[in-house]
Structure formats: C-alpha cells, structure tokens
1. Once the Cα atoms of region 1-79 are picked out, what are the Rg and Dmax in Å?
2. Give me the 1.4 Å probe accessible area per residue for the chain, excluding ligands and nucleic acids, in Å².
3. What ³J(HN,Hα) values, in whole Hz, does the Karplus curve 6.51 cos²θ - 1.76 cosθ + 1.60 give for region 19-26 when θ = phi - 60°, with x put for Gly and Pro?
4. At what distance in nm do the modelled label points of R26 and R65 sit from each other, each positioned 7 Å from its Cα along Cα→Cβ?
5. Among the trypsin sites (Lys or Arg not before Pro) in the chain, which ones are in a DSSP loop with at most 13 other Cβ atoms within 10 Å of the Cβ? Mind listing them?
Amino acid sequence: MLDLSVVPGAKRTEVAGLHGGALRVRLAAPPVDGKANEALIAWLAAELGLPRRSVELLRGASSRRKQMRLACTLAQAQAWLMLRCPRE
C-alpha cells in the first residue's frame, strides 16, 4: 500500500517529497476524465518496473489523496522510496 498526495496539471511528473504523511507526486496529466489516475498508474508501474496490472488505485479516484496497491516486494518498494525520498 502506498499513500499519495497528488498534484495534477504540473509541468512534469515527479516525486515532490512528503506531504501530510503521504508521498507527494506532481503529475503532468490534467485531472479530466480519469487521465491523471491513468497517468499515475502508468508512471508508478514504469518507476517500479512493474506491469500496469500490478498497480491498483484503491481509494481516491476523484481526490488528490490516493491509496495505491502495489504488487511488488516490500524491499523493492522501499528501495524505490529511498531513491526518490532520501533522508537528509
């Protein structure tokens, strides 16, 4: 499970740190007709090296706050998070 705070309509898709206990992700896709959700799923799958079917939106289809289910190992998810959100 991964909690996200999503900002659609950004210049580029990227991790923007943490926000309120969730990983903040800026999405280049607009929040229209589910395009931002589809872009988020495709981006997460590509980032983690997973097939798209391994990334599922559980909660927050029409909200900025989302909960995703990732079909990967905990070690794989942790390694990706450490690369994207290094501790200072």
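The values are calculated or read from the model by the stated rules, or taken from the named source; none is laboratory data. Quick caveat: nothing in here was measured; it's all calculated off a predicted structure. Using ideal geometry, Cβ is built from the backbone for each residue, glycine included, and neighbour counts are taken over all protein chains shown. When the accessible area is computed, the model is the full protein with side chains, heavy atoms only, and any ligands, DNA or RNA have been set aside. Shrake-Rupley method; radii C 1.70, N 1.55, O 1.52, S 1.80 Å.
1. Radius of gyration, then largest Cα-Cα span, for region 1-79: 11.6, 34 Å.
2. 64 Å²
3. After applying 6.51 cos²θ - 1.76 cosθ + 1.60, I find 8, x, x, 10, 6, 8, 10, 8 Hz.
4. Taking the simple label geometry, R26 and R65 are separated by 2.3 nm.
5. When the trypsin sites (Lys or Arg not before Pro) of the chain are filtered for loop state and at most 13 Cβ neighbours within 10 Å, K11, R12, R87 remain.
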